[in-house]
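Have a look at the structure below, then the notes.
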Amino acid sequence: MLKTGLISATLVAFGFMLSAQNDWPVLKHYDENHISKVALPIGGIGTGTVSINGRGNLVDWEIMNRPGKGFSTVTPGNDAPFFAIHINDGDQKYTKGLMGPMLDYEYQDMEGRPIDHHGIPRFEKATFDAAYPFGVVNLTDNSLPIDVKIKAFNPLVPGDADASGIPIAVLRYEVSNKTNKPINVSVCGSIRNFIGKDGSKFHLNWKGDRTYEGAIKNKNEYFSEGKLSGINFLPGEVAEDDPAWGTMALTTDNETGITYRTSSVHNAWSNAVLDFWDDFSDDGKLVEKPGLIDNDPMASLAVNQEIPANGTKEFQFYLTWHFPNRQAWSSEVVGNYYTTQYKDAKDVIQQVHPELNQMEEKSLQFVNAFLGSGLPDVVKEAALFNLSTLRSQTVFRIASGHMMGWEGCMDLNGSCAGSCTHVWNYEQATAFLFGSLAKTMRDVEFNYATRDNGSMSFRAGLPLANAQWVYAAADGQMGTIMKMYRDWQLSGDTEYLKSSWQNVKNALAFSWIKGGWDSDVDGVMEGCQHNTMDVEYFGPNPQMQFWYLGALRAATEMADALGDKEFAEKCKKLYEKGSKWTDENLFNGEYYEQIVMPPKSLEDVAPGIRSGMGAKDVTDPVFQLAKGCLVDQLVGQYMAHICGLGYLAKAENVKTTLQSIMKYNHRESLVDHFNNMRSYALGDESALLMASWPKGRPKVPFPYFSEVMTGFEYTAAVGMLYEGLEEEGLKVIANIRNRYDGAKRSPFDEAECGHHYARAMASWASVLALTGFQYSAIEQSMAFAPKQGDHFWSNGYAWGTVHISKEGDSYNVNLEVLHGKLELKSFELKSVGIHTFEGGQQIIENKAHQFTI
């Protein structure tokens, strides 16, 4: 239970006023010229989502275990799910859809059905405000006596995966009376019962329109129990093992003025929406129909209230869902964790409703504390808005609770299965905000996907009994070892490390097999190295080498802590030898490059490390980096800084390399840039290219060399921030967010191979780099850079704020825990000093501790 007074006091201290259900923070405002691509996903971690767009429409219905970009549940028409408002000011009646105006490019269509709701009257103007997970659509119309704010969110509480994993969209319609007299207002939501239709099953009619299939004799039922009233959407003859089988509910907790319809008339010639419109626009109240019509009967739920002169009233609705039959990339049902917590969609709202206000306050506490920090706004935006990926269909939790992930999402399918290690290695949001979920991913990698010989399937199969699915990837496997170290440090769970240690050792030792990555065991990867470029590199190169050095450093620390002295000593020696060799042989004075070393024959390549996606002739391989300047060549160093493992190579070479990446890979404009592959940045946009060749490009480089991808850009930017190159790093981040400006792309959907790409959550690392935050639950220590001001921190289990101020030669520190608890023995201001807590210091939730360094 939350202590509201303490929360409010904390937020006021940061300059934010919090009133539950009223004042939401705004990080980014999108004017009417920057809302066309806005789509904020609303849903929990692993539950699927529905999105609210910049004009207030509910779009991209992705609640049935698969992506559904552009899926509005119906063939484009006026009966897609929508909310409407009826106003009676005593002199005149008005009825409008609660949505902003159409855009110029949306008008033309072959048959006069250009977009959903094309025939429904709309508001004159819409703008959008966001501070994820909170989104607000501002609707205004000079012809109406009211203004409307549509407030949408789903609880997001770092450290609490269950509270952040609820299948619910909270929709709050805040209506303000602009007149000096009371008016009567009704707000109504209408949804067809599309259970069974997930967007994947359709045929093209004679016009070429998609006609969706799957709903058969579905049923709608009205209920009113306690403080909740609404429509329960139930499946009819949908197969019970279908991924689109389940339940939905649309409810309200407004206790008076409720009317409803569980059906409309038959939808021949679009009469269903006509019948609804006539009914609702008459007096804002609905008249129930005698029976259900159509396979997907259209239900409506309305709330009527009188709003006093110049007053404001809220009309609150909840959309919940429950679809248990997730298959993901398996041919078998692996289930959803969230559906093990609730019986059905109605049970979701009944269980959650008593706690929703507190969950909202806790979510606001997190967002306001984060926004109250001294980080640049563009960093806040990049870090916070990309958290939406955790709640997209990119991420799910199987029935056991293990978190799994696609790389991203295509419009109707997941993109690239298996929680791909070489993609998920980059992101930091999960570990630092939801540590318990990160640990489930390590469990899959080491205890399910790793074979006895140490070969880790870089894509884990499902069910987990089939996790040992495909090949090993050099970068993916080394990165997971570093992530195990990171998650051990953040959690303090040494038993967790012990239980996986043999497989961690095996995974590293797999590098040393005959024909493997480092078969001569000299601390340098020379072998065939499958990697995140979806090809194999042959010979030493910085991308894999820095991952390898980081894995050796991490393994040294873990082995030493577990008393495995022999393995620790071996890893230490290999690291030291490999680090020295890397600087002496791969650093060319400006950056690190590849030495191409093909094998003499395919027989010299160990089984299971060559996927076949790269060069067909391994003795003369194409798709190499060679002397190129790679955007993420220091990704292992990026991870080492995050883990507190220090420099893996000479510090001066690291900094020079990052300066060279900016020098050679940055483009102020792409107007004259040729790209034979995919374009994630275009025209006059600024970006970092994947690679450049100041000394001459190979005829056929690795495939993605001319592309731009945000996760790689963030990796380079964070490296720059760690090296004190703040102007350069912030420029790279600003370039990304300028591309995702709401007009050209959605601010909540950074793409790579699909929507909501996991690698983009590397953006959270910019928070770590700028604050200098380091935490070890093993050592019970915390550290920050000596920057005065307010800072946000999170270790995956607890979070809060720290205020640092300087007085003379001393620094005053106020460390506050807003969620969870801290056990500390020391607190360090880097390069300044360390404060030691005699006997240890525990700080519990909503408490602070002050001290001086």
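The values are calculated or read from the model by the stated rules, or taken from the named source; none is laboratory data. Since we're looking at a predicted model, the values are computed, not measured. Neighbour counts run over all protein chains shown; Cβ positions are idealised from the backbone, glycine included. SASA here: full protein model, heavy atoms, side chains in, ligands and nucleic acids out. Shrake-Rupley method; radii C 1.70, N 1.55, O 1.52, S 1.80 Å.
Is it true that Ser669 is in contact (Cβ under 8 Å) with a residue 24 or more places away in the chain and small (Gly, Ala, Ser)?
The answer is no for Ser669.
Without any contact (Cβ under 8 Å) to a residue 40 or more places away in the chain and open to solvent by 30 Å² or more (accessible area, probe 1.4 Å): is that true of Glu495 in this structure?
Here the answer is yes, as Glu495 does meet what is asked.
So which pairs qualify, if the first residue must be in region 14-33 and more than 28 Å from Phe123 (Cα to Cα) and assigned to a loop (DSSP other than H, G, I, E, B), the second must be open to solvent by 30 Å² or more (accessible area, probe 1.4 Å) and at pLDDT 95 or above, the Cβ gap must be under 8 Å, and the two must be at least 6 apart or on different chains?
Pairs that qualify, where the first residue is more than 28 Å from Phe123 (Cα to Cα) and assigned to a loop (DSSP other than H, G, I, E, B) and the partner is open to solvent by 30 Å² or more (accessible area, probe 1.4 Å) and at pLDDT 95 or above, are Phe14/Asp790.
Does Ala163 fit the bill of being under 30 Å from Asp487 (Cα atoms), open to solvent by less than 20 Å² (accessible area, probe 1.4 Å) and in a loop (DSSP other than H, G, I, E, B)?
Yes: the conditions hold for Ala163.
Looking only at strands (runs of 3 or more DSSP E) that lie completely in region 175-222, which have at least 2 residues being surrounded by 15 or more Cβ atoms within 10 Å (Cβ to Cβ)?
183-192, 210-212
Any idea how many residues of region 312-339 are buried (at least 16 other Cβ atoms within 10 Å of the Cβ) and assigned to a strand (DSSP E or B)?
So the answer is 10.
Considering Ser706, Ser660, which residue is open to solvent by less than 30 Å² (accessible area, probe 1.4 Å) and either β-branched (Val, Ile, Thr) or assigned to a loop (DSSP other than H, G, I, E, B) (or both)?
Result of the check over Ser706, Ser660: Ser706.
Would you please name the residue that is farthest from Cys188 (Cα to Cα), looking only at residues in region 97-111 that are in a helix (DSSP H, G or I) and among the charged types (D, E, K, R)?
Asp104
Any idea which residue in region 149-206 is nearest to Leu228 (Cα to Cα), counting only those that are at pLDDT below 95 and over 28 Å from the mean Cα position of the chain (by Cα)?
Out of the qualifying residues, it is Phe202.
If only one of Gly742, Gly729, Gly772, Gly711 is surrounded by fewer than 21 Cβ atoms within 10 Å (Cβ to Cβ) and small (Gly, Ala, Ser), which one is it?
None of the others qualify; the one that does is Gly772.
Quick test of your reading of the structure: Ser415 fulfils all but one of (1) surrounded by fewer than 24 Cβ atoms within 10 Å (Cβ to Cβ); (2) in contact with a Leu (Cβ under 8 Å, 6 or more places away or on another chain); (3) over 23 Å from Thr340 (Cβ atoms). Name the failing condition by number.
Result: Ser415 fails condition (2) only.
What tally of residues in region 241-286 results from selecting those that are free of Cβ contacts under 8 Å to residues at least 12 places away in the same chain and within 36 Å of the chain's Cα centre (by Cα)?
Residues flagged as free of Cβ contacts under 8 Å to residues at least 12 places away in the same chain and within 36 Å of the chain's Cα centre (by Cα) within region 241-286 amount to 0.
Against the definition (open to solvent by less than 10 Å² (accessible area, probe 1.4 Å), under 12 Å from Ile168 (Cβ atoms) and within 29 Å of the chain's Cα centre (by Cα)), how does Tyr342 come out, yes or no?
Considered against the rule, which asks whether it is open to solvent by less than 10 Å² (accessible area, probe 1.4 Å), under 12 Å from Ile168 (Cβ atoms) and within 29 Å of the chain's Cα centre (by Cα), Tyr342 comes out as no.
Take Met597 and decide whether it is closer than 30 Å to Thr450 by Cβ, touching a residue at least 12 places away in the same chain (Cβ under 8 Å), in contact with a strand residue (DSSP E or B) (Cβ under 8 Å, 6 or more places away or on another chain) and of a type in the set (A, V, I, L, M, F, W, C).
Against the criterion (closer than 30 Å to Thr450 by Cβ, touching a residue at least 12 places away in the same chain (Cβ under 8 Å), in contact with a strand residue (DSSP E or B) (Cβ under 8 Å, 6 or more places away or on another chain) and of a type in the set (A, V, I, L, M, F, W, C)), Met597 qualifies.
What do you reckon, is Asp282 within 21 Å of Val50 (Cβ to Cβ) and charged (D, E, K, R)?
The answer is no for Asp282.
What are the pairs with Cβ atoms under 7 angstrom where one residue, in region 768-791, is in contact (Cβ under 8 Å) with a residue 24 or more places away in the chain and among the hydroxyl-bearing types (Ser, Thr, Tyr) and the other, located anywhere, is open to solvent by 30 Å² or more (accessible area, probe 1.4 Å) and assigned to a strand (DSSP E or B)? Sequence gap at least six, or different chains.
So the pair list comes out as Ser781/Lys825; Ser781/Glu828.
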